[in-house]
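**Student:** Have a look at this one before I ask anything.
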Amino acid sequence: MTRIYAIANQKGGVGKTTTAVNLGAYLAAAGQRVLIVDIDPQANATSSLGLGASQLPRSLYDVFSGDADLADVITLTSRMRLDIAPGAHALAALETEAVEAIRDPYRRSFLLRDALTPTLHRYDYIFIDSPPSLGLITVNAMAAAHGVLIPVQSEYLAMEGLGQLLGTVEQVRKALNPDLSIVGLLLTMYDARNKLSRQVEEELRAYFKDLVFTTVIPRNVRLGEAPSYGEPVSTYAPNSSGARAYQQLAEELLIRDGVLAPAPEGAAS
Ligand SMILES: Nc1ncnc2c1ncn2[C@@H]1O[C@H](COP(=O)(O)OP(=O)(O)OP(=O)(O)O)[C@@H](O)[C@H]1O
Ligand SMILES: [Mg+2]
């Protein structure tokens, strides 16, 4: 079974792309066949994996405009089992173009789901890296997904906007995709020395309980550097705290999804 997860938060710069790329890379390293769908016009996931959006002949935009199938735009990265459906700046026009071209708002919401269907059998995990908005692109991501993974920056005002985001998930569930669930909330850019980080964690765990991943992603400079080398942190700096955290997150997700058995009680991790 393919698991499709939308990584979403309308707040900018909270670690959506970093999570898509590095969680994807570690799942691929663990033997899972992974596709990252870069549906963000910023195309940051594409460039983080060393692919220049402007040099690629085709992108997701060509899929949505009906000029290519998803299989034709999927590009292999230099990592084994990690593929990407590249994003492009042209995607920014999608919202207005789709509204003009497709009168039925229901059909407009399933562009991505329909595009993914023929390639599902090739992947165990598909991560959709969404832009920082709750517009048509993010709705398409949620309509195509089984779950939403929400990175939350461990900073001031982290919780602001979460209500609106969860409201959108609920609306998509009701109107478009009854099977949509919340995969989990992920604390990112965590600094254990910072009181604010600890407060955000406390609040989030008190409110969302088990929905919050046990794994916390620390603020780590290697995570910020890796994209400029076009590499996931798993190869750029495998011993960094950021790398270890994303590896642990991959394991936690595999256990949550029932792919890996939990380590026996008392076993060293
Ligand atoms: N844990 C971390 N430690 C240090 N830097 C990080 C961490 N996570 C992400 N960054 C850096 O912070 C910036 C924002 O991260 P990222 O691009 O993943 O966020 P985003 O939510 O995808 O942003 P956008 O909303 O613009 O798509 C990037 O420069 C990234 O390299
Ligand atoms: Mg991003």
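Read-outs: derived from the displayed coordinates by stated rules, not from any lab. Keep in mind it's a predicted model, so treat the numbers as computed, not measured. Counting neighbours? That spans all protein chains shown, and the Cβs are built from the backbone with ideal geometry, glycine included.
**Student:** So if each residue of separation counts as 0.36 nm, and I subtract the Cα-Cα distance between SER65 and ASP210, what length gain in nm does that give?
**Tutor:** 48.2 nm
**Student:** Then there's this: Grab every C-alpha pair in the chain, bin the distances at 10 angstrom width from 0 up to the longest one, and report whole percents.
**Tutor:** 7, 31, 38, 19, 4, 0
**Student:** Please return the longest stretch of the chain lacking exposed loop sites, where trypsin sites (Lys or Arg not before Pro) count only if DSSP places them in a loop and at most 14 other Cβ atoms lie within 10 Å.
**Tutor:** Looking at the chain, 1-102 is the longest stretch - no exposed trypsin sites (Lys or Arg not before Pro) with at most 14 other Cβ atoms within 10 Å.
**Student:** Tell me, what is the percent relative contact order of the range 3-256, built from C-alpha pairs under 8 Å that lie six or more residues apart?
**Tutor:** Computed value for the range 3-256: 26 percent relative contact order.
**Student:** Turning to a different aspect of this structure: Can you classify the range 96-181 as rounded, prolate or oblate using the Cα gyration tensor, where a ≥ b ≥ c are the square roots of its eigenvalues, rounded means a/c under 1.5, and otherwise it's prolate if a/b beats b/c and oblate if not?
**Tutor:** oblate
**Student:** While we're on this one: Pull up the DSSP beta bridges for the chain and report the antiparallel fraction as a percent, rounded to 5.
**Tutor:** Roughly 5 percent of the DSSP beta bridges within the chain come out antiparallel.
**Student:** On to the next question. Can you return the aspartates and glutamates within cross-link range of LYS209? Criterion is Cα-Cα under 15 Å, with same-chain partners fewer than 8 residues away left out.
**Tutor:** Of all the aspartates and glutamates, those that pass the test against LYS209 - Cα under 15 Å, at least 8 places apart if same chain - are GLU201.
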